[in-house]
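Worksheet: the structure to be examined is printed underneath.
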Amino acid sequence: MDTPVILFGAFDRHNLGDMLFPHVAAALLPGRRHVFAGLAQRDLRPWGGHAVEALPAVAAALGERPATLIHVGGEILTCDAWQAAVMLTPPDEARRLVARLDARPREQREWARRILGSAVRAPYAAAREMFRGPLRIAYSAVGGVELQASDPALRREVLARLADADYLSVRDRQT
């Protein structure tokens with residue numbers, strides 16, 4: 001059986017550094033079937049990225065089949081739902097949104113929940129429960145420099161996801 005390797009990260013947006021991570025990961029895993037996943041479905045191939053699928057859609061399409069999920073690089077451990085949703089919003093709209101909701105955390109969480117379709121606080125730390133079939137979870141060269149100073153609920157969620165992982169590597173000493 002050809003067990004897919006889901007490369008998951010913040011490469012569903014126009015950020016060159018984040019868009020490079022899945023290229024490196026895929027090159028390190030030759031001969032495997034790669035699925036590129038993010039929080040949103042996006043086609044970034046015209047800019048050197050990938051055709052990225054939304055992770056919930058990938059999980060649903062897999063059904064009960066096994067998979068490997070690799071969280072691929074980036075400062076993803078401290079990226080909360082509000083930040084992730086804003087980064088996926090077109091720049092002009094994002095500026096207006098931040099100006100309007102800057103000092104309103106409850107409204108930020110509600111808006112992010114609508115945009116992301118989930119109430120998770122750490123959307124780039126995927127939960128095993130999202131998948132029905134057997135799943136191996138890895139974090140490869142991820143960052144979380146500000147995790148200790150993060151909101152306690154976000155930190156607890158991230159630490160629970162990391163404790164559930166089969167493999168973990170970080171990209172810096174602080175993380």
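Here, each number is a calculation from the coordinates, and none is a lab measurement. Given the structure is predicted, the values throughout are model-derived calculations rather than measurements. Using ideal geometry, Cβ is built from the backbone for each residue, glycine included, and neighbour counts are taken over all protein chains shown.
Some notes on this structure:
- Scattering curve values for segment 1-55, log₁₀ I(q)/I(0), Debye with Cα scatterers, q = 0.12, 0.13 Å⁻¹: -0.23, -0.27
- Helix 105-116 and the long axis of the chain differ in direction by around 40°, with both axes built from C-alpha atoms.
- From phi via Karplus (6.51, -1.76, 1.60), per-residue ³J(HN,Hα) for segment 55-67 in Hz, x at Gly/Pro: 4, x, 5, 5, 4, 5, 5, 5, x, 9, 6, x, 7
- Cβ-based exposure ranking for Asp2, Asp43, in which fewest neighbours within 10 Å come first: Asp2, Asp43
- Which of Leu62, Leu29 has the fewest Cβ neighbours within 10 Å, and the rest in rising order: Leu29, Leu62
- Taking amide H as placed 1.01 Å from N in the peptide plane, the amide H of Ile6 sits under 5 Å from that of Val35, Thr68, Leu69, Ile70, each at least 5 places away or on another chain.
- Calculated mean residue ellipticity at 222 nm for the chain: -10500 deg cm²/dmol, from DSSP H runs with n ≥ 4 weighted as -39500 (n - 2.57), summed, divided by the residue count and rounded to 500.
- Viscosity 1.002 mPa s, 20 °C: Kirkwood-radius Stokes-Einstein D of segment 98-175 over Cα pairs, µm²/s: 151 µm²/s
- Along principal axes, Cα extents of segment 81-142, largest first, whole Å: 42, 23, 17
- Karplus-derived 3J(HN,Hα), 6.51/-1.76/1.60, for each residue of segment 24-37, Hz, glycine and proline x: 5, 4, 5, 5, 7, 10, x, x, 9, 8, 9, 10, 9, 10
- Sites listed here are GluC sites (Glu not before Pro) in segment 84-169 whose DSSP assignment is loop and whose Cβ has at most 16 other Cβ atoms within 10 Å: Glu146.
- Between helix 91-101 and the chain there is an angle of about 50 degrees, using the helix long axis and the longest principal axis of the Cα atoms.
- Segment 53-70 and segment 112-167 have Cα centres separated by 16 Å.
- Here, segment 27-127 is characterised by an Rg to Rh ratio of 1.00, where Rg is the alpha-carbon radius of gyration and Rh the Kirkwood radius.
- Using θ = phi - 60° and Karplus 6.51 cos²θ - 1.76 cosθ + 1.60, couplings along segment 150-155 (whole Hz; Gly, Pro as x): 6, 3, x, 5, 5, 4
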